[in-house]
Amino acid sequence: MSLLLAFAPFIVFAIVDRLVGSTEGLIAGAAVSAGILLRDWLTPNRSPKVLEIGTFVLFGGLALYTVLAHPTWSIFGVRLCVDGGLMLIVLISIAIRRPFTMQYAHEKVAKELWDSPGFVRTNYVITGAWAVAFLVMVVADLILLYMPEWPSRIGIIATIVALVGAVKFTAWYPEHRRAAASGSA
């Protein structure tokens, strides 16, 4: 549940962007991100996570740029920045050897398992699946940005399929690994 809450700024952004506008959506995403970070700093036994920090920097930076520079970008241009930024956060978490899913998994898995090769590998695989989901979203954004004659529902469908796929994979893969481990034992 905590992992899904980390995506709340993106959900709020998408809703506000659609109903009010991109600038307001970016500001709303930044505000929700700040609220999640504040909750993590103020709650005992919680700490801010790579995804949450990256999300605040992403939305805060884009909101500040939009308010100060008043760019004239399309909805798909803004979404490309958001989805590309999210994909970058995930890839950076892999590059710095702290897959973003690992911080959430630490909250559910016994501490003695944190350094086990299976636990670490599982988190790299799941984080990789999320990177692929965000890549699908970025590709859909690029198609809609540079080929405006394509129906916009392509972006909606790609986003839903990618996110639902990543959520389902995140739930399925650890169980699959446990079953495979107990079957080989």
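Summary table
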| read-out | value |
| --- | --- |
| Residues located in the stretch 121-135, provided they are more than 13 Å from residue 82 (Cα to Cα) and among the hydrophobic types (A, V, I, L, M, F, W, C) | 125, 126, 129, 130, 131, 132, 133 |
| Total residues in the stretch 1-50, condition within 22 Å of residue 134 (Cα to Cα) and among the acidic types (Asp, Glu) | 1 |
| Some residue of the stretch 132-139 being touching a Ser or Thr at 6+ places or on another chain (Cβ under 9 Å) and free of Cβ contacts under 8 Å to residues at least 24 places away in the same chain | no |
| Scope the stretch 61-104; condition among the small types (Gly, Ala, Ser) and either in contact (Cβ under 8 Å) with a residue 24 or more places away in the chain or under 21 Å from residue 140 (Cβ atoms) (or both); matching residues | 63, 74, 77, 84, 85, 93 |
| Residue tally, condition closer than 18 Å to residue 119 by Cβ and among the basic types (Lys, Arg), over the stretch 159-183 | 2 |
| Residue in the stretch 112-156 that is nearest to the chain's Cα centre (by Cα), counting only those that are assigned to a helix (DSSP H, G or I) and of a type in the set (Ser, Thr, Tyr) | 127 |
| Some residue of the stretch 52-59 being surrounded by 21 or more Cβ atoms within 10 Å (Cβ to Cβ), over 15 Å from residue 3 (Cα atoms) and of a type in the set (Val, Ile, Thr) | no |
| The lone exception for residue 164 - which of (1) under 21 Å from residue 11 (Cα atoms); (2) surrounded by 18 or more Cβ atoms within 10 Å (Cβ to Cβ) it fails | (2) |
| Residue check for residue 98: part of a helix (DSSP H, G or I) and surrounded by fewer than 16 Cβ atoms within 10 Å (Cβ to Cβ) | no |
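A short reminder: the numbers here are calculations on the coordinates, not readings from a lab. Quick caveat, the model's predicted, so the values are computed rather than measured. Don't worry about glycine lacking a Cβ; one is built from the backbone with ideal geometry, like all the others, and counts go over all protein chains shown.
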